[in-house]
Amino acid sequence: MKFTINWLKEHLDTKLDDQKIIDKLTSIGLEVESFESQSSELDKFIVAKILKAEKHPNADRLKLCDVDIGQKEKVKVVCGAPNAKNDLLTVYAPPGATIPKSQTKLSVSKIRGVTSYGMLCSESELKLSNESEGIITLSPTKYSKQVGKKYFVNKNQKVVDLSITPNRADCLGVRGIARDLAAAGAGKLKNKNKSKINFSGLNKIKVKITNDKNQGCTKFGSLLIKGIKNTESPKWLKEKILSLGQKPISAVVDVTNYVMMDLNRPLHAYDADKIDKGIIVRNSKKGESFEALDNKKYLLGDNMCVISDASGVLGLGGIIGGVRSGTELNTKNILLESAYFKPKSIRSTSKILNLDTDAKYRFERGIDPNSIEDGLIKAAELIQNICGGTISKINITKKEKSNHKAIKFPIDLFNNTTGFKVEVRGMTKILSDLGFLVKKNKKDLNLKVPSWRPDILQPIDIVEEIVRIKGYDRIKTELPEKTRNKQTLNARQKLFHFLQRSVASKGYYETVTWSFTDSKINELFKEEKHEVKIVNPISSDLNVLRSSIFSNLIFYLKKNLDRDVKDISLFEIGPIFSGKKPGQQQIVIAGIKSGMISRLNWIEKERKVDVFDAKRDVMQTLIETGLDDKKFHINSNAPNYYHPGKSGAIYQDSKSNYPIAFFGEIHPNINQKLQIKTEALILFEIFLDKIELHKNKLKDQKNKYEYSDFQKSERDFAFIIDKNLNVQELVKIIYEIDNNLIKNVKVFDLYEGENIPSDKKSIALNVTIQSLKKSLNDKDLEKINNLIISTVESKTGAKIRS
Amino acid sequence: MSDIIKIKDEYLLKLKDDLDLNNINQIKSELFGKTGKISNEFKKMGSMSPDIRKKFASDLNAIKDELQKTIEKKIKDIEIKEIIQKLQNEKVDVTLPERSFKRGKIHPVSQVIDEISSIFSEIGFSVAEGPDVENEYNNFTALNTPDNHPARDMHDTFYLDDNKEYLLRTHTSPVQVRTMLGGKPPFKVIAPGRTYRSDSDQTHAPMFHQVEGLHIDKNINMGHLKGCLNYFIKEFFEIDKIKMRFRPSHFPFTEPSAEVDIGYRLKDGKIIIGEGDKWLEILGCGMVHPNVLKNVKVDPQKYQGYAFGMGIDRLAMLKYGINDLRAFFETDYRWLNHFGFDPLDVPSNYRGLSR
């Protein structure tokens, strides 16, 4: 909503200066977005300084100048002026500026083979004088500190631009704003001018509102002005229209626009001679069409509120008029419409047709149904003043009566809500100034809501009215209480934060990517999950919710590789989606690592990242969160985007139905498909929601602290086992032989090849044996040794390697 | 007698030379070997008269001791020299690079969420969550934003079905609805999370982060709201003085509603929070609308309270001098390294939120 302070003062008697008014507006909830002059074409002309003027390489009479225009970069300008010289202060016009004298718009151009960015101006080019001999010479004393600033002072009136919240329909007109300011003590709302109109004759154009279901129009006021001479608007009106950044059209159109801005009362003017018989306000039928004033043809659906005549649709009520009945400069007789359209109807029609107009904007927020006559009178009077003509009596057709809403406001509610007190007298004054009818009744105020406030529906809305006019600075600052009744984070939230930092501590950079992704990449990581499409994606390559975090991680990994970053470790913790309903999502932490370990290292041997790097990071992370890795069960059932031979799934224990994590190298097909240029790529993912949390805190999960000071023995074994037998199995068998004695089993070698059958492998293990009760003697050790060998051999078919 | 003194002098002189262990062993055997010079002298004693022998033995033993001591010292010297030599040879250039170690980084959004949680934890808020995919009711209708309400235009919503039943939440406010429907008052929660609007340009991203706050109890008024936010802003920006302005605004789900601005000034293109005469809008808030309370089965006659919502990304930008919102989500490794936080840097009250 835009207006000038002078315009405001037509409605508000105030002694406040501009800045005070601006501050007041913001403090009562009418946020000032800006308060500045409407930009002018002349704003582009800038004070500049020639740093260096050299001869043009290809032309004797031209100069090539380096010009300081107050920005970092200097610009090169070709100039023909004899007085262009080093250190001269002058006026610069950038590309895009229009030269006042010639009215030509500058563009970047080549002059004799050298590119010139804009030009340096003479007084005559700027229409300051007839001096055209050279460029303007500005006095250094006055202008040396002005380089880069505007040369011309903008004399346009300053325009206030308010951001009006959707509830404040009444402030989409200057008078409404003045009323709010007056209530807040910024001045006095002026009385409406008494009309001096001589109504003569009847409005012979009949108006009918049909009884259609959901009729969007409830009240239609109109009058006829006959024998006008439509013309250009007078200066004062043009200036008002221009100050809002709009284009003046004709007196009739400008007046209707002016009244809309002034009183928040949209009007429409028809060329009365183009109306076929009478006006019928009705619902449209599917397939009807009309050409609107924006010169577009609209095809209508069913049940849109249209203004029509005997020949068809004239316009969309409250949204836009039609070309067929539009006013022109030669229009003689006009019908002026001032009606009430229901917000809901306006909104649904404009949404379907994707139409946005000033009138629509106002009607959908709610127009004062009782302003119909005021609007007609003000507009008719202005038109008559400018264009002459005779004004008919006002004709009003009604479908519904508009009653004032009544609210019973409990006085205590104010104090209870805001925490401070206002005397009843103060409340009454504010509400009356805002247009309420107020009657005190014991502990309540009985209120009648003004017709221009569709947003006021219940007592709490009254609290807001009083507190915003009183000022939010009146609200006290209550110090917050530092008591906590509930833990800040629940166990799963703690897990989230722990995992996040745990993975980051292993060299991974955390990133945050969109929850949506490109279906083509998502496809590669989706497995059998349902694809969740976005109906209105921001772009076609962000068209589905992600089924996995990897699609985005891979995408950005590639981008970084393309920037020549070589070894990259990224992770993200966030949701993945399996359906379009709330809750069909889970939290995943996914990591990705590419390239080499110890690349170009003088001391360490460089090598590619591999599946066991992924396994280390994921295992270590899980262990750090407090899970017992001794209970983990690992198999090779990872999803199909992992390398089928170099990937695994981790289960919290051997009875778990679902894995809590996957790790491995990426499937080479994906690498190839996405053209990812790196030596190796590993992935892991941990499914937070699948981790079963222990009921107890970690401290309560721990066993009693027991240790043994008796002799510890270590024995090495090498077993030749089936290639298909998991080492996990082998180790488990050994532990289970005697959990009390076997403290640790460490795999220290894997051998395949010479001397070992091709379907076998040799595994070397180091077993630590220690008793809590006594020192083991040779016999005891021998016994356990033999037990290990015999058990492993019998359970797995392994052979001890001698 | 003179013989043994000669031997002594001769060998003491020899031992002054620059010798290695072999030379010493050679000397040792020349003196004390089976036919060594000193050994031979001892053999001579048998043929000596007792009175001479006693003196000779004593002299010879003294010479033997002296020579042996000298030899031992010489050996020790050589050993020390050799160790020094060895250590000399083992010397490395310690200015060579160390073995590699890589620690990752925490994204600024995550860090700021932790900071926010830490601050609100102090004043008794707990953290609530809700799904990213919401239904139309929780995101709009329950929040007093019925269909055909112009306020819906302010939210460019991503929909997941043609009936507009399911959508990506446009704000964290539906967590209010879920929290209140799922429990009994009082409520005191914050809800940080991802939010989505189909809007994308230099200052808007289609996904961003908000934190919602909700405090419902008996007798909670706007003074508590002001106090809570005042506390938060001061703690978050870690400055003692903050210029803060509440001004009336409108949200369908709060009444009265307010927007909060903080004062700032520009210094060398950087925003300095807390001073200056410019205002920056940072959050929206208000008293929860009675219609919302009714929708979530809380009796507005008994309970009332406030809610607020603010942009986490924006708070992060302001606090850590990040200019470009889009960069948060572009995963530029260099950016993550520059603006990311060490994972050990966990925001806490006693150590201060940030280093």
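The values are calculated or read from the model by the stated rules, or taken from the named source; none is laboratory data. Here the structure is a predicted model, which means the values were calculated and not measured. Heads up, the Cβs are rebuilt from the backbone with ideal geometry, glycines too, and the neighbour counts pull from every protein chain shown.
Are any of the residues in the range A:401-419 closer than 30 Å to A:K297 by Cβ and either under 38 Å from the mean Cα position of the chain (by Cα) or away from every other protein chain (no Cβ under 14 Å) (or both)? So that I can check it myself, show each step before the final result.
Restricting attention to the range A:401-419, the residues satisfying the condition of being closer than 30 Å to A:K297 by Cβ are none.
Checking the range A:401-419: not a single residue is closer than 30 Å to A:K297 by Cβ and either under 38 Å from the mean Cα position of the chain (by Cα) or away from every other protein chain (no Cβ under 14 Å) (or both).
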Exactly one of (1) touching a strand residue (DSSP E or B) at 6+ places or on another chain (Cβ under 7 Å); (2) surrounded by fewer than 18 Cβ atoms within 10 Å (Cβ to Cβ); (3) within 14 Å of another protein chain (Cβ to nearest Cβ); (4) over 16 Å from B:S110 (Cα atoms) is unmet by B:N337. Its number?
(4)
Taking the residues in the range B:148-167 that are facing another protein chain (nearest Cβ under 7 Å) and modelled with pLDDT of 70 or more as candidates, determine which candidate is surrounded by the fewest Cβ atoms within 10 Å (Cβ to Cβ).
B:D162
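Across the range A:522-537, what is the number of residues that are touching a residue at least 12 places away in the same chain (Cβ under 8 Å) and either within 14 Å of chain B (Cβ to nearest Cβ) or of a type in the set (D, E, K, R) (or both)?
Let us first name the residues in the range A:522-537 that are touching a residue at least 12 places away in the same chain (Cβ under 8 Å), namely A:522, A:524-527, A:529-534, A:537.
Still in the running and either within 14 Å of chain B (Cβ to nearest Cβ) or of a type in the set (D, E, K, R) (or both): A:526-527, A:529-534, A:537.
Within the range A:522-537, residues that are touching a residue at least 12 places away in the same chain (Cβ under 8 Å) and either within 14 Å of chain B (Cβ to nearest Cβ) or of a type in the set (D, E, K, R) (or both) number 9.
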Sole miss for B:T172 among (1) facing another protein chain (nearest Cβ under 7 Å); (2) within 23 Å of A:T488 (Cβ to Cβ); (3) of a type in the set (S, T, Y) is condition (1)
Considering only the range B:336-348, I want to know if a residue exists there that is assigned by TED's automatic domain parsing to the domain that holds B:H204 and within 23 Å of B:E235 (Cβ to Cβ).
no
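Looking at B:N138, is it within 23 Å of B:L181 (Cβ to Cβ) and more than 9 Å from chain A (Cβ to nearest Cβ)? So that I can check it myself, show each step before the final result.
Numbers: within 23 Å of B:L181 (Cβ to Cβ): yes; more than 9 Å from chain A (Cβ to nearest Cβ): no.
In short, no.
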Is it the case that B:I271 is modelled with pLDDT under 95, surrounded by 19 or more Cβ atoms within 10 Å (Cβ to Cβ) and either within 10 Å of chain A (Cβ to nearest Cβ) or in contact with a strand residue (DSSP E or B) (Cβ under 6 Å, 6 or more places away or on another chain) (or both)?
no
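Per-residue answers, yes or no, for (1) loosely packed, with under 14 Cβ neighbours inside 10 Å; (2) aliphatic (A, V, I, L, M); (3) assigned by TED's automatic domain parsing to the domain that holds A:G626; (4) within 20 Å of A:S654 (Cβ to Cβ):
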| site | (1), (2), (3), (4) |
| --- | --- |
| A:I720 | no, yes, no, no |
| A:N739 | yes, no, no, yes |
| A:N755 | yes, no, no, no |
| A:V767 | no, yes, no, no |
| A:K774 | yes, no, no, no |
Which condition number in (1) more than 11 Å from every other protein chain (Cβ to nearest Cβ); (2) of a type outside the set (V, I, T); (3) crowded, with 20+ Cβ neighbours inside 10 Å is the one that A:Q585 fails?
(1)
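Out of everything in the range A:451-466 that is in a helix (DSSP H, G or I) and acidic (D, E), what residue ends up being farthest from the other protein chains (Cβ to nearest Cβ)? Lay out the reasoning, then the answer.
Step one: of the range A:451-466, the residues in a helix (DSSP H, G or I) are A:459-466.
Among the residues that remain, those that are also acidic (D, E) are: A:461, A:464-465.
Values: A:D461: 6, A:E464: 4, A:E465: 9 Å.
Once the filter is applied, the top-ranked residue is A:E465.
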Exclusive hit being assigned to a helix (DSSP H, G or I), at pLDDT below 90 and farther than 30 Å from B:M310 by Cα, set B:K73, B:K69, B:K14, B:K86
B:K14
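Would you check if A:I534 is within 19 Å of B:F328 (Cα to Cα) and under 30 Å from the mean Cα position of the chain (by Cα)?
Values: within 19 Å of B:F328 (Cα to Cα): no; under 30 Å from the mean Cα position of the chain (by Cα): yes.
Answer is no for this residue.
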Are there strands (runs of 3 or more DSSP E) fully within the range A:277-394 with at least 1 residues that are out of contact with any Lys or Arg (no Cβ under 7 Å at 6 or more places or on another chain), surrounded by fewer than 19 Cβ atoms within 10 Å (Cβ to Cβ) and basic (K, R)? List them.
A:297-299
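What is the residue count in the range A:259-276 for residues that are part of a loop (DSSP other than H, G, I, E, B), among the aliphatic types (A, V, I, L, M) and either under 29 Å from A:G173 (Cα atoms) or not assigned by TED's automatic domain parsing to the domain that holds A:I383 (or both)?
Just the residues of the range A:259-276 that are part of a loop (DSSP other than H, G, I, E, B), to begin with: A:264-267, A:275-276.
Keeping just the survivors that are among the aliphatic types (A, V, I, L, M) gives A:267, A:275.
Of the ones still in play, those that are also either under 29 Å from A:G173 (Cα atoms) or not assigned by TED's automatic domain parsing to the domain that holds A:I383 (or both) are A:267.
Looking only at that region, the number is 1.
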It is to be established whether one or more residues within the range B:37-52 are touching a Lys or Arg at 6+ places or on another chain (Cβ under 8 Å) and assigned to a loop (DSSP other than H, G, I, E, B).
no
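For A:G185, state whether it is at pLDDT 90 or above and either part of a loop (DSSP other than H, G, I, E, B) or more than 25 Å from A:E36 (Cβ to Cβ) (or both). Lay out the reasoning, then the answer.
Working: at pLDDT 90 or above: yes; either part of a loop (DSSP other than H, G, I, E, B) or more than 25 Å from A:E36 (Cβ to Cβ) (or both): yes.
Yes.
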State yes or no: is B:I123 under 23 Å from B:N337 (Cβ atoms), modelled with pLDDT of 95 or more, among the hydrophobic types (A, V, I, L, M, F, W, C) and touching a Lys or Arg at 6+ places or on another chain (Cβ under 7 Å)?
no
Is one or more of the residues making up the range A:73-96 under 22 Å from A:N156 (Cβ atoms) and surrounded by fewer than 22 Cβ atoms within 10 Å (Cβ to Cβ)?
yes
Give me a count of the residues in the range A:103-127 that are within 14 Å of A:L42 (Cα to Cα) and hydroxyl-bearing (S, T, Y).
1
Verdict on A:N766 being without any contact (Cβ under 8 Å) to a residue 40 or more places away in the chain and polar (S, T, N, Q):
no
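Looking only at the range B:340-354, which residues are of a type in the set (A, V, I, L, M, F, W, C) and away from chain A (no Cβ under 11 Å)? Full working, then the answer.
First, the residues of the range B:340-354 that are of a type in the set (A, V, I, L, M, F, W, C): B:341, B:344, B:346, B:353.
Residue satisfying the conditions is B:L353 alone.
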Filtering the range A:467-489 for residues that are more than 14 Å from B:N221 (Cβ to Cβ) and either more than 8 Å from chain B (Cβ to nearest Cβ) or surrounded by 17 or more Cβ atoms within 10 Å (Cβ to Cβ) (or both) leaves a count of 5
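Can you find a residue in the range B:122-134 that is aliphatic (A, V, I, L, M) and over 30 Å from B:L160 (Cα atoms)?
Within the range B:122-134, the subset aliphatic (A, V, I, L, M) is B:123, B:127-128, B:133.
Filter once more, so that each one left must be over 30 Å from B:L160 (Cα atoms): B:123.
So far as the range B:122-134 goes, yes, one or more of its residues are aliphatic (A, V, I, L, M) and over 30 Å from B:L160 (Cα atoms).
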Just to check your reading of the model, which residue among B:V109, B:V94 is within 14 Å of chain A (Cβ to nearest Cβ) and over 30 Å from B:F308 (Cβ atoms)?
B:V94
Of all residues in the range A:490-518, how many are within 7 Å of chain B (Cβ to nearest Cβ), of a type outside the set (S, T, Y) and more than 23 Å from A:E692 (Cα to Cα)?
5
Based on this model, can you work out whether A:N671 counts as assigned by TED's automatic domain parsing to the domain that holds A:V767 and out of contact with any Gly (no Cβ under 6 Å at 6 or more places or on another chain)?
no
A:S27 meets each of (1) under 30 Å from B:E259 (Cβ atoms); (2) away from every other protein chain (no Cβ under 14 Å); (3) among the small types (G, A, S) with one exception, condition (2)
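Among A:T98, A:T90, which is the only one that is more than 14 Å from chain B (Cβ to nearest Cβ), on the phi < 0 side of the Ramachandran plot and touching a Cys at 6+ places or on another chain (Cβ under 8 Å)?
Values: A:T98 fails: touching a Cys at 6+ places or on another chain (Cβ under 8 Å).
Answer to the selection: A:T90.
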